[in-house]
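Here is the structure we will look at, set down as structure tokens.
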Amino acid sequence: MLNSSKNISQWVVINGIRVDVPTLMSIRHCCRPAVCKETPNCCSCFQIHVNEKELETIVGFLPLAEKYTSAIGNEKGYDNVFEEAEDGCFIIDADENERCVFAYTSEDEETLCSLHSAAISLGLPPMDVKPKCCSLWPLALTGAPDPVLSINALSATFPCNRKKAVLERIDKGIQEMIRIYFGDSFLSELLSKTGG
Ligand code: SF4
Ligand code: SF4
């Protein structure tokens with residue numbers, strides 16, 4: 001059972017985002033694709049929704065992404081790998097193994113993201129190319145008008161995430177995800193408001 005006896009503020013607000021501090025403190029995270037070779041991984045368990053802007057970015061990277069995955073191309077060019085969803089967003093197609101079409105298997109038999117690899121090959125931050133929800137994982141951010149930063153509810157079922165017994169500090173791996181996505185000053189403010 002989680003020990004929340006310390007005086008942990010339930011929520012802090014930073015840059016208009018309500019941060020669910022206890023939930024952020026509840027897991028450790030370390031992405032090592034070697035640990036999810038034999039198990040379902042984050043590229044095969046979720047429907048990935050993107051908005052129009054994200055879709056346009058991804059479309060611009062199709063030629064580079066195709067160097068890593070053959071699941072997006074055909075003899076005439078590229079498949080339409082997006083399905084329009086009811087919420088006005090688009091869902092990225094999955095292959096016959098329920099894996100996102102942008103995922104590929106590396107020589108080490110790890111599941112990697114072709115958009116991530118394409119960004120790295122150009123020296124770009126992967127979050128400039130990948131869908132927002134993928135860049136955030138295992139964090140979760142709800143949309144406007146009341147954005148909440150928390151942890152994906154299924155995160156603890158993946159081998160790269162571990163439930164913590166004591167809610168004291170935000171794990172270094174989670175801190176790093178916050179720093180990458182929201183920046184140094186956001187993380188500093190969060191740590192100062194939550195006792196580091
Ligand atoms: S975040 Fe976890 S499930 Fe996803 S690739 Fe990394 S180790 Fe595997
Ligand atoms: S876009 Fe990339 S990170 Fe996101 S699910 Fe697909 S392969 Fe995985």
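Find the residue count for the stretch 31-53, including only residues that are out of contact with any strand residue (DSSP E or B) (no Cβ under 8 Å at 6 or more places or on another chain) and more than 16 Å from ligand 1 (Cβ to nearest atom).
1
Does residue 149 satisfy the condition of being within 11 Å of ligand 1 (Cβ to nearest atom) and in a strand (DSSP E or B)?
no
What is the residue count in the stretch 72-97 for residues that are part of a loop (DSSP other than H, G, I, E, B) and closer than 14 Å to residue 59 by Cα?
Looking only at that region, the number is 5.
When the residues of the stretch 101-133 are narrowed to those that are more than 8 Å from ligand 2 (Cβ to nearest atom) and among the charged types (D, E, K, R), which ends up surrounded by the most Cβ atoms within 10 Å (Cβ to Cβ)?
Of everything passing the filter in the stretch 101-133, 132 is surrounded by the most Cβ atoms within 10 Å (Cβ to Cβ).
Being within 30 Å of residue 13 (Cβ to Cβ) and touching a residue at least 40 places away in the same chain (Cβ under 8 Å) is the requirement here; does residue 115 meet it?
no
In the stretch 58-100, which residues are at pLDDT below 95, touching a helix residue (DSSP H, G or I) at 6+ places or on another chain (Cβ under 7 Å) and crowded, with 17+ Cβ neighbours inside 10 Å?
69, 72
Examine the stretch 120-135 for a residue that is polar (S, T, N, Q), assigned to a loop (DSSP other than H, G, I, E, B) and either within 16 Å of ligand 1 (Cβ to nearest atom) or touching a Phe, Trp or Tyr at 6+ places or on another chain (Cβ under 6 Å) (or both), and state whether such a residue exists.
Checked the stretch 120-135: no residue is polar (S, T, N, Q), assigned to a loop (DSSP other than H, G, I, E, B) and either within 16 Å of ligand 1 (Cβ to nearest atom) or touching a Phe, Trp or Tyr at 6+ places or on another chain (Cβ under 6 Å) (or both).
Taking the options 56, 86, name whichever one is closer than 23 Å to residue 152 by Cβ and away from ligand 1 (no atom under 16 Å from the Cβ).
Result: 86 is the single residue among 56, 86 that is closer than 23 Å to residue 152 by Cβ and away from ligand 1 (no atom under 16 Å from the Cβ).
What are the pairs, 6+ residues apart or on separate chains, where a residue within the stretch 150-161 that is under 20 Å from residue 19 (Cβ atoms) has its Cβ under 7 Å from a residue that is among the acidic types (Asp, Glu)?
From residues that are under 20 Å from residue 19 (Cβ atoms), the pairs are 150/20.
Scanning the stretch 4-63 for residues that are more than 15 Å from ligand 2 (Cβ to nearest atom) and among the acidic types (Asp, Glu), which turns out farthest from residue 149 (Cα to Cα)?
38
Within the group 114, 121, 150, which residue is in contact with a Ser or Thr (Cβ under 9 Å, 6 or more places away or on another chain) and not assigned by TED's automatic domain parsing to the domain that holds residue 180?
114
Within the stretch 142-156, how many residues turn out to be surrounded by fewer than 17 Cβ atoms within 10 Å (Cβ to Cβ) and within 16 Å of ligand 2 (Cβ to nearest atom)?
1
Going residue by residue through the stretch 37-52, is there one that turns out to be more than 16 Å from the chain's Cα centre (by Cα), of a type outside the set (S, T, N, Q) and under 21 Å from residue 140 (Cα atoms)?
Checking the stretch 37-52: at least one residue is more than 16 Å from the chain's Cα centre (by Cα), of a type outside the set (S, T, N, Q) and under 21 Å from residue 140 (Cα atoms).
The values are calculated or read from the model by the stated rules, or taken from the named source; none is laboratory data. Keep in mind that what you see is a predicted model, and the values were worked out from it rather than measured. Positions of Cβ are backbone-derived with ideal geometry, glycine not excepted, and every protein chain shown enters the neighbour counts.
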